Amino acid sequence: MESHLNRFGGMSIIVTGAASGIGKATVERFLSEGAQVTALGHHREKLEKAFADQDMDRLQLMDGDVAEPDLAAKVVAAAVERFGGLDILINNAGMGKGGTIEELSLEDWNRQMAVNVTGYFLMAKAAIAKIRERKGAIVMTSSVSGLGGDWNFVGYNASKGAVTNMVRAMALDHAGEGVRINAVCPSMTKTGMTEGMSDDTIAKFQQRIPTGRGANPEEIAAVIAFLASKDAVFVNGVNLPVDGGLSASNGQPAL
Ligand SMILES: NC(=O)c1ccc[n+]([C@@H]2O[C@H](COP(=O)([O-])OP(=O)(O)OC[C@H]3O[C@@H](n4cnc5c(N)ncnc54)[C@H](O)[C@@H]3O)[C@@H](O)[C@H]2O)c1
């Protein structure tokens, strides 16, 4: 989604989960608005392929596992060294493993927590001092799954629920320093995470979403950019549904 705005000229921004889906669209959105971006992906090859056509003047690529305790400091240091500081962090890398409490293995529970919760914690912890220097912002990709429950998704729900309250608590702690922390809460979005869904499952989602379709990643990226920008200067601690009206429903059927 090309933007006519130029809100991030000269700013240094880190985006995690950058090689695909919402993260990739977010990198592209920030670049189109003048930012300098450090894009973190899990695997180098996938990341390089994703940005093969991109001018590298204002973009640097880094790879690694966000659950690794040593990675976050390296990514922040690289952003500061190459682009002179850090204004904004987009915590977006995530994964989901389905299952009820009986079906979900401890290993899959732990991995989801490590990536979706501890990964966000580690990046925010490493970035906050630099962001404070620039009175910047953090935006996290949570989910409607962090606002209410899904069937067969207990681990993912728990992890995104943790992100929802991490955002609120961090917003309280850092508002006085001029730093804002918010989240987007997408419903079904056409990305790597949903590409394995059957037509039947997609139809079920479409039926529940009042707008009648899933989101495109660019539509989520546009809201991430809004929350990161000074346009949202008085928005703090918010978990904003970007869900085509899904959470407007109390759950009763459409008649
Ligand atoms: N697609 C949806 O329907 C949907 C809905 C709500 C929220 N979300 C959230 O959006 C975020 C982005 O996901 P997406 O939908 O773009 O899917 P995606 O699978 O295309 O993107 C997720 C990215 O995170 C990266 N990643 C996963 N584990 C990682 C790790 N340990 N270290 C580093 N990178 C890692 C993946 O390589 C991938 O590029 C996730 O946090 C996801 O939970 C997605």
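The values are calculated or read from the model by the stated rules, or taken from the named source; none is laboratory data. Computed from a predicted model, the values in this text were never measured in an experiment. Backbone-built Cβ (ideal geometry, glycine too); neighbour counts: all protein chains shown. For the accessible areas, the whole protein counts, side chains as well, though only heavy atoms, and no ligand, DNA or RNA atoms are used. Shrake-Rupley method; radii C 1.70, N 1.55, O 1.52, S 1.80 Å.
Points worth noting:
- Where a residue in region 14-34 is touching a residue at least 24 places away in the same chain (Cβ under 8 Å) and polar (S, T, N, Q) and its partner, wherever it lies, is within 7 Å of the ligand (Cβ to nearest atom) and part of a helix (DSSP H, G or I), with Cβ under 9 Å and at least six apart: Thr16/Gly23; Thr16/Gly119; Ser20/Lys46; Ser20/Pro217; Thr26/Pro217
- Within region 70-93, the set of residues being surrounded by fewer than 18 Cβ atoms within 10 Å (Cβ to Cβ) and not β-branched (Val, Ile, Thr) comprises Asp70, Ala73, Lys74, Ala77, Ala78, Glu81, Arg82, Gly84, Gly85.
Listed here are the residues, each with its yes/no results for (1) part of a loop (DSSP other than H, G, I, E, B); (2) open to solvent by less than 50 Å² (accessible area, probe 1.4 Å); (3) farther than 17 Å from Ala127 by Cβ.
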| residue | (1), (2), (3) |
| --- | --- |
| Leu31 | no, yes, yes |
| Thr38 | no, yes, no |
| Glu45 | no, no, yes |
| Glu48 | no, no, yes |
| Asp55 | yes, no, yes |
| Leu61 | no, yes, yes |
| Met95 | yes, yes, yes |
| Arg111 | no, no, yes |
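- Checking Val66 against (1) crowded, with 17+ Cβ neighbours inside 10 Å; (2) in a helix (DSSP H, G or I); (3) not aromatic (Phe, Trp, Tyr), the condition it does not meet: (2)
- The residues of region 1-29 that are surrounded by fewer than 23 Cβ atoms within 10 Å (Cβ to Cβ) and either among the acidic types (Asp, Glu) or part of a strand (DSSP E or B) (or both) amount to a single one, Glu2.
- Residue count for region 164-184, restricted to those that are touching a residue at least 60 places away in the same chain (Cβ under 8 Å) and either within 11 Å of the ligand (Cβ to nearest atom) or β-branched (Val, Ile, Thr) (or both): 2
- Hey, Gly96 within 23 Å of Asn6 (Cα to Cα) and either modelled with pLDDT of 95 or more or over 17 Å from the mean Cα position of the chain (by Cα) (or both) or not: no
- Selection from region 97-106 of residues that are more than 14 Å from the ligand (Cβ to nearest atom) and either open to solvent by 50 Å² or more (accessible area, probe 1.4 Å) or touching a Cys at 6+ places or on another chain (Cβ under 8 Å) (or both): Ile101, Glu102, Glu103, Leu106
- Residue ranges of helices (runs of 4 or more DSSP H) in region 114-223 with at least 2 members open to solvent by less than 20 Å² (accessible area, probe 1.4 Å): 119-133, 154-174
- Pick from region 130-148, criterion within 14 Å of the ligand (Cβ to nearest atom) and over 14 Å from the mean Cα position of the chain (by Cα), ranking: nearest to Gly98 (Cα to Cα): Gly148
- Residue in region 189-204 that is modelled with pLDDT of 95 or more and closer than 30 Å to Leu172 by Cα present: yes
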